[in-house]
1. Residues that are crowded, with 21+ Cβ neighbours inside 10 Å, in contact (Cβ under 8 Å) with a residue 60 or more places away in the chain, under 29 Å from MET63 (Cα atoms) and of a type outside the set (Lys, Arg): does region 298-321 have at least one?
2. Of all residues in region 237-265, which are over 23 Å from PHE15 (Cα atoms) and among the charged types (D, E, K, R)?
3. Within region 67-79, can you find the residues that are among the hydrophobic types (A, V, I, L, M, F, W, C) and not in a strand (DSSP E or B)?
4. Output the residue which, of all residues in region 38-56 that are in contact with a Lys or Arg (Cβ under 9 Å, 6 or more places away or on another chain) and either among the hydrophobic types (A, V, I, L, M, F, W, C) or modelled with pLDDT of 90 or more (or both), is surrounded by the fewest Cβ atoms within 10 Å (Cβ to Cβ).
5. Listed residues LEU99, LEU56, LEU75; which is in contact with a Ser or Thr (Cβ under 7 Å, 6 or more places away or on another chain), under 30 Å from GLY177 (Cα atoms) and not charged (D, E, K, R)?
6. Inside region 229-276, can you point out the residues that are of a type in the set (Val, Ile, Thr) and surrounded by 22 or more Cβ atoms within 10 Å (Cβ to Cβ)?
7. If ALA268 satisfies all but one of (1) in a helix (DSSP H, G or I); (2) more than 19 Å from the chain's Cα centre (by Cα); (3) over 20 Å from PHE246 (Cβ atoms), what's the number of the condition it fails?
8. What residue, of VAL211, VAL263, is outside any strand (DSSP E or B), under 21 Å from THR319 (Cβ atoms) and of a type in the set (A, V, I, L, M, F, W, C)?
Amino acid sequence: MTDVKALQQERVQIFTDLFDGKVPKRVPINLLLSFEFAIQYAGKDLAEAQWDTSTLEEVFDKMCRDFITDTNPALAFRYPVYYKLLGARNFVMSSSGFLQHPEVHGFEAEEYDEFIASPYDCIMEKILPRIYTELNTNPVQRSLVMAKAFKAFYDEMINGGMIVEKLNDRYGFSPIGGFQGMCEAPFDFMSDQLRGFKNITGDIRRIPDKVEAACEAVTPLMIKTGMPINPSKYSATFIPLHMAPFIRDKDFERFYWPTFKKVVDELAAVGQPSYLFVEHDWMRYLDYLYELPENTRMMFEYGDPKLVKEKLGKKHILTGFYPISLLKAGTKQQCIDKAKELIDILAPGGKYMFNFDKNIITADSVNIENLQAVLSYVAENANY
């Protein structure tokens, strides 16, 4: 137990140094593995284990025991039970046992003015009942459904959180280094479920002023959603970035960037960094990303790590880039060589933590031995 505590203290220290702007003892490993991966790796039935979370500790324990990382790799923030209670159209359990996100939209183009006037009221009164069919009823029944869903949500999240804390102590993981809470860039929020990807791309051409006003109107909601009770530079708010690579530069400048930057700035102003999942290819936007508050954490899915390090690495904390596809297709030595290449590029001067280009979703999407070999290599060979 003393050795575990000492290991945990070392891990806390390397993340503390990283977030304090110091070069840590070694490169931290900030691995995240999905709920679905953990279930499959433990040999459980995917659909059954998501509904009956009594096996959650067993499932997470095997994953925590078998993969080297400085933070707890367990990632579970969507459970099917509350989506079922709500009659969700936006997250639907497939026959294969995966929660899928179909293209949906919550309000029509002619309803922009109403939405802009009061986004919260419009979401509560119109949009939620359209996306969650069990809320499309009388106010009394709607309240009962919402209460049941929130009870299920908090039961699952609290249980999961308690298991994660227990495993942190059991295996000496650092409780800091990941993120707590999430929100979206306002344009992504508009695109994701309110108007849908297809509709929003038409809206920015037909009614650009209304899209711009809607993004501004929901910005306070995104700030509030991403704001924790106790902000801390050792925590972070997760913000997945969706739409920017798929729109024109001039549309990014008008619709995406101003409100997104405001969200990140407002969180940083109270001491809460953002952890950005920089999805797809953001290479044309690197100069914009540089302007975000210092020590914003950025997980890159694609891009030139040398260029990103050159442009952003002295101001921001970088991670990602390692293609999980290589873990499936490459030899063990090729996988290790890729880790060495990225460490040589990204680690100098600090401001880097090791992770892959995206979270690993399924156990069969990677060669487990390659994954373990890469993590072992980084843990043993990424000292400063």
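1. yes
2. Result: ARG248, ASP249, LYS250, ASP251, GLU253, ARG254, LYS261, LYS262.
3. Scanning region 67-79 gives PHE67, ILE68, ALA76, PHE77.
4. Applying the filter and picking the extreme gives GLY43.
5. On inspection, the qualifying residue turns out to be LEU75.
6. Those that are of a type in the set (Val, Ile, Thr) and surrounded by 22 or more Cβ atoms within 10 Å (Cβ to Cβ): THR237, ILE239, THR259, VAL263, VAL264.
7. If we test ALA268 against (1) in a helix (DSSP H, G or I); (2) more than 19 Å from the chain's Cα centre (by Cα); (3) over 20 Å from PHE246 (Cβ atoms), just (2) comes out false.
8. Only one candidate qualifies: VAL263.
The values are calculated or read from the model by the stated rules, or taken from the named source; none is laboratory data. A quick note: this is a predicted structure, and the numbers were derived from the prediction, not measured. Cβ atoms come from the backbone with ideal geometry, glycine included; neighbour counts cover every protein chain shown.
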